[in-house]
1. Could you tell me what percent of the accessible area of region 1-68 is made up of carbon and sulfur, with a 1.4 Å probe and every protein chain present?
2. Add -39500 (n - 2.57) for each DSSP H run of 4 or more in the chain, then divide by its residues: what number comes out at 222 nm, to the nearest 500 deg cm²/dmol?
3. When the Karplus curve 6.51 cos²θ - 1.76 cosθ + 1.60 is applied with θ = phi - 60°, which whole-Hz ³J(HN,Hα) does each residue of region 39-46 get, with x for Gly and Pro?
4. Lys and Arg at +1, Asp and Glu at -1: add these up for the other residues within a Cβ distance under 15 Å of T55 and post the number.
5. How do the peptides 79-88, 52-61 rank, highest first, by the average count of neighbouring beta carbon atoms within 10 Å per residue?
6. What percent does the relative contact order of the chain come to when contacts are Cα pairs within less than 8 Å and at least six residues apart?
7. If you take the square roots of the eigenvalues of the alpha-carbon gyration tensor of the chain and sort them as a ≥ b ≥ c, do you get rounded (a/c under 1.5), prolate (a/b over b/c) or oblate?
8. Could you tell me the accessible area of R92 in Å² (1.4 Å probe, neighbours in place), rounded to the nearest ten?
Amino acid sequence: MSNNRSGVFIGGLMVGATIGALTGLLVAPRTGRETRKLLKKSADALPELAEDLSTSVQIQADRLSANALRNWDETLERLKEAIAAGIDASQREGQVLKRQNAVETRATVAQKVQDSDSLPQHLERS
């Protein structure tokens with residue numbers, strides 16, 4: 001984010017310097033001929049200034065894009081790891097529940113067998 005701010009700052013600095021120079025030329029106590037020469041020099045320098053500004057903005061945009069891509073890749077990797085951990089935990093919990101169900105089922109079957117064994121004794125006593 002600071003790279004983006006520095007690019008904006010540099011661009012603003014260049015535009016401000018250009019405006020300040022032009023204002024200084026117009027207000028300065030020079031003859032018309034001298035002022036026109038200075039304005040011509042400044043006007044000739046504007047394309048270079050615009051190109052420098054454009055290059056600076058492009059560099060900042062490339063950096064920002066690279067940072068965004070890197071952050072996206074890191075986020076995607078963390079998300080994949082979290083999903084894998086969730087799947088593993090779910091599978092382990094499923095195995096624990098299966099074991100608990102098997103133990104409960106055996107206990108229920110054993111109880112029914114025990115109840116069925118005691119049923120004939122109750123019938124004989126009656």
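1. C and S fraction of accessible area: 64 percent.
2. Computed ellipticity for the chain at 222 nm equals -36000 deg cm²/dmol.
3. Working through the residues one at a time gives 5, 5, 4, 5, 5, 5, 7, 4 Hz.
4. Details: positive: R63; negative: E48, E51, D52, D62.
That sum, taken over residues with Cβ under 15 Å, equals -3.
5. Ranked from most to least packed, the peptides come out as 52-61, 79-88.
6. On the way: 22 pairs, mean separation 41.1, N = 126.
Relative contact order for the chain comes out at 33 percent.
7. prolate
8. For R92, solvent-accessible area is about 140 Å².
The values are calculated or read from the model by the stated rules, or taken from the named source; none is laboratory data. What you see is a predicted model; the values in this text were computed from it and never measured. Note that we place each Cβ from the backbone using ideal geometry, even for glycine, and neighbour counts take in every protein chain shown. Side chains included, ligands, DNA and RNA excluded: accessible areas come from the protein's heavy atoms. Shrake-Rupley method; radii C 1.70, N 1.55, O 1.52, S 1.80 Å.
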